[in-house]
Amino acid sequence: MKQLGRSLMLVVATTAVARAQPQPDVPTLPPDPGGAPAAPGTDPTADPQPGDPPTVQADPPVAPPEAPYDPYPAPSASVPDEPPRPPINMPEVLTTPTGFLLPAAVFYTKFGLDTGGGATFDSRIGLGDVAEFGVATTDAIRQRQDDSDEDSDRIQPYFTASFRLGVGEDRLFKHQPAVALGFRKSFETKSEGYESRIAELTLVASKHFGDKFAMHVGGAFWDASLAGQLDSGDDVEDRSITFHDVATPKDQFRPFGGIQARPLPRSLILIDLGWAPEFCYQCATDARKIRLRPVLSWGVRYEVASWMRIESGVRVPDIGDANLLNAQIFGQVSFTSWGLRRAIDRAKQ
Amino acid sequence: MRHVLSLVLGLVATSPAQAEPITAAGSPKLGRVITAPSAWLAEEGDVMTTAQLDHRLDGGLGIAAGLGGIAELSLDTNTDPRFCMACGDTEEPRWFGRAGFRVGWREDTWLPGMPALVLGFRKTFASSAPLDDARISEVHLVASRSLGPVRLHAGATLTAAGYTEATGALVELAPTVRPLGGLEWTPPAYPRTTLLGDLAWVARFDDGAPPALEWVAGWGVRYQALRWSSVELLVRHREDEGLGDSTVMIRVNAALHRYR
């Protein structure tokens, strides 16, 4: 209690001292260059007398003599206003690509985590409004030991690089959907003694229907390779297989798609269905060693700011088996930046 | 320290005095009744927190954040499921780390009189001994509607569960549908008080057998002590459990508004 009283007194005393201080000197404005008349009985050109109140010498006005003095001058006309930037359509629904490309010189970065310990990263840049280049890590590629292994694990990190090109919506003719042709390829990844790679060629079209709805439809042509001890038993040698050798072109092709709806101005509901390769190292036949598994995702994207979005949702990695136990809840945050574009625009002027 | 406490108490005491009267109806709605989920979502930018303790000293914590006004992301420690691993008749609750994602629509969004609807998914990602790899996943679809002083909740859950035996074999409960329901009633004479009742199904793990679902019925009272905080006193009964084994627990809920 004593301490509280002391604190209160200290606060009151400090306030009182502060109020007792004299007002700080206020700079006086220079005489009106336009020749406003001086107050009667005073000579503006006279030297200050000892009894006069102190005055602070202000800097000479920056404005020309005929303009009134402005203490807060407007920014120089040589700095142009920032042109309004259009909203950016995202290059992915949740896990599948869209037909929308990033605008030229716009950076896109996304980080993701899920309840299964998966971590992903994706970084892209728009090239000339007609292409996009990116590098990423994915946790969508899965592995199993053999046919009896009911639980598949993810292989991560799985590094990929991607390049997409296309045309924006309504660019060639009215009602034309945005179309993008993309190629994604992984670097060689080693997991549990096996080396694997994937490659994916996609063609996807995206179309807005009004302000609140958009649809994405596409097809993907997959390839993959797997190398290591693929046969059981003693004295077996390492060998490699490729998806295009053990599967038909029909098996390599898969349709994918997604929808997005905007029930609130800054919130979108997203649903998509895609595919991801699964490697089964000791499965009995080569055709079962590399397979494509359907992945269903649904979630919400919340646009926190024009440069930041938070996404969250559910991903079921093998919807074909209706395996709820392997489903994961994920959270993603993505950032977009017009910084490079601004710098380029300034350099052009 | 005392100064900080005085300041906090002062702020807590003065803020309700400046606002409208505190009522349960005018306060943040929670995403569950007692055990059963409701269709209420946290508002955009709100963070709802919950702490609970029962008479066996089993506790739990939970946090849920509204996302964009149409979804909610949550994390909690869930002690609803019971385990019995070579323990005779004694079944003990264990905790799970659980994450949830729910997306839905508020009342009257599409049509007047439409109930709030939520499609939710909850999944455990960690569990305490003896089953480190025990897992539960649940999809629920719930409708909730306010009818004067009463709030009704009805829906269904699709639950899957599993664990790995000592032999390495995976023992699973295939996705199973069960109904759920709940009731909240705020008597007009006591606008801060809400009577609660609900029925839900939760997983149960018995040694050597596949996981099963058992019903849990709960009832209790929620008192809206502050606009942003409420206290609940609850009783929960389980299937195959005598009245004397019922669980009595206390919960404290707090809403941190508008972090945005």
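The values are calculated or read from the model by the stated rules, or taken from the named source; none is laboratory data. Since the structure is predicted, the reported quantities are computational estimates derived from the model, not experimental observations. Reconstructed Cβ throughout: ideal geometry from the backbone, glycine too, with neighbour counts over all protein chains shown.
Listed here are the residues, each with its yes/no results for (1) away from every other protein chain (no Cβ under 14 Å); (2) farther than 24 Å from residue B:149 by Cα; (3) of a type outside the set (A, V, I, L, M, F, W, C).
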position	(1), (2), (3)
B:191	yes, no, yes
B:199	yes, no, no
B:207	yes, yes, yes
B:227	yes, no, yes
B:237	yes, yes, yes
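Residues in region A:317-326: is at least one buried (at least 19 other Cβ atoms within 10 Å of the Cβ) and at pLDDT 95 or above? No, the conditions are met nowhere in region A:317-326.
Only residues that are part of a loop (DSSP other than H, G, I, E, B), touching a residue at least 24 places away in the same chain (Cβ under 8 Å) and of a type in the set (Gly, Ala, Ser): list them for region A:304-323, please. Of everything in region A:304-323, just one residue is part of a loop (DSSP other than H, G, I, E, B), touching a residue at least 24 places away in the same chain (Cβ under 8 Å) and of a type in the set (Gly, Ala, Ser), namely A:306.
Which is within 14 Å of another protein chain (Cβ to nearest Cβ) and either among the charged types (D, E, K, R) or not in a strand (DSSP E or B) (or both), of A:291, A:301?
Numbers: A:291 fails: within 14 Å of another protein chain (Cβ to nearest Cβ).
Exactly one of A:291, A:301 is within 14 Å of another protein chain (Cβ to nearest Cβ) and either among the charged types (D, E, K, R) or not in a strand (DSSP E or B) (or both), namely A:301.
I'd like the residue in region A:304-316 that is of a type outside the set (Val, Ile, Thr) and more than 7 Å from chain B (Cβ to nearest Cβ) and, out of all such residues, is surrounded by the most Cβ atoms within 10 Å (Cβ to Cβ). Full working, then the answer.
Within region A:304-316, the first condition is being of a type outside the set (Val, Ile, Thr), and the residues that meet it are A:305-309, A:311-313, A:315.
Subset that is more than 7 Å from chain B (Cβ to nearest Cβ): A:305-309, A:311, A:315.
Details: A:305: 10, A:306: 11, A:307: 15, A:308: 12, A:309: 21, A:311: 25, A:315: 27.
Result: A:315.
Any residue at all in region B:50-57 that's basic (Lys, Arg) and closer than 21 Å to residue B:151 by Cα? No, there is no match, as no residue in region B:50-57 is basic (Lys, Arg) and closer than 21 Å to residue B:151 by Cα.
Is there a residue being at pLDDT below 90 and either touching a Leu at 6+ places or on another chain (Cβ under 6 Å) or within 25 Å of residue B:149 (Cα to Cα) (or both) anywhere in region B:72-90? Spell out how you get there, then give the answer.
Step one: filter region B:72-90 for residues at pLDDT below 90, giving B:78-90.
Next cut, either touching a Leu at 6+ places or on another chain (Cβ under 6 Å) or within 25 Å of residue B:149 (Cα to Cα) (or both) only: none.
Looking through region B:72-90, none of the residues is at pLDDT below 90 and either touching a Leu at 6+ places or on another chain (Cβ under 6 Å) or within 25 Å of residue B:149 (Cα to Cα) (or both).
All of (1) away from chain A (no Cβ under 11 Å); (2) charged (D, E, K, R); (3) more than 20 Å from the chain's Cα centre (by Cα) hold for residue B:133 with one exception: (1).
Please find, within region A:122-162, the residue that is nearest to the other protein chains (Cβ to nearest Cβ) out of those that are assigned to a strand (DSSP E or B) and hydrophobic (A, V, I, L, M, F, W, C). Within region A:122-162, the match that is nearest to the other protein chains (Cβ to nearest Cβ) is A:136. Of all the listed residues (A:114, A:146), the sole one being surrounded by fewer than 16 Cβ atoms within 10 Å (Cβ to Cβ) and among the acidic types (Asp, Glu) is A:146.
Only one residue in A:135, A:130 is closer than 24 Å to residue A:329 by Cα and aliphatic (A, V, I, L, M). Which one? Before you say what the answer is, go through the steps one by one.
Working: A:130 fails: closer than 24 Å to residue A:329 by Cα.
Criteria check complete, one pass: A:135.
So which of B:99, B:143, B:154, B:203 ends up being surrounded by 15 or more Cβ atoms within 10 Å (Cβ to Cβ) and either of a type in the set (Ser, Thr, Tyr) or facing another protein chain (nearest Cβ under 10 Å) (or both)?
None of the others qualify; the one that does is B:99.
Please go through region A:158-180 and pick out each residue that is among the charged types (D, E, K, R) and in contact with a strand residue (DSSP E or B) (Cβ under 7 Å, 6 or more places away or on another chain). Within region A:158-180, A:164, A:169 meet the criteria. Tallying residues that are assigned to a strand (DSSP E or B), touching a residue at least 40 places away in the same chain (Cβ under 8 Å) and acidic (Asp, Glu) within region B:151-191 yields 1. Among the residues of region B:52-70, not a single one is within 14 Å of chain A (Cβ to nearest Cβ) and charged (D, E, K, R).
In region A:195-210, the residues that are under 30 Å from residue A:145 (Cα atoms) form Cβ pairs under 6 Å with partners that are modelled with pLDDT of 95 or more and surrounded by fewer than 17 Cβ atoms within 10 Å (Cβ to Cβ), at six or more places apart or across chains, as follows: A:199/A:185; A:201/A:183; A:201/A:221. Candidates are the residues of region A:203-225 that are loosely packed, with under 15 Cβ neighbours inside 10 Å and not aromatic (Phe, Trp, Tyr); the one that is modelled with the highest pLDDT is A:219. Residue A:198 meets each of the listed conditions (1) among the aliphatic types (A, V, I, L, M); (2) over 23 Å from residue A:335 (Cα atoms); (3) surrounded by fewer than 17 Cβ atoms within 10 Å (Cβ to Cβ); (4) at pLDDT 95 or above apart from (3).
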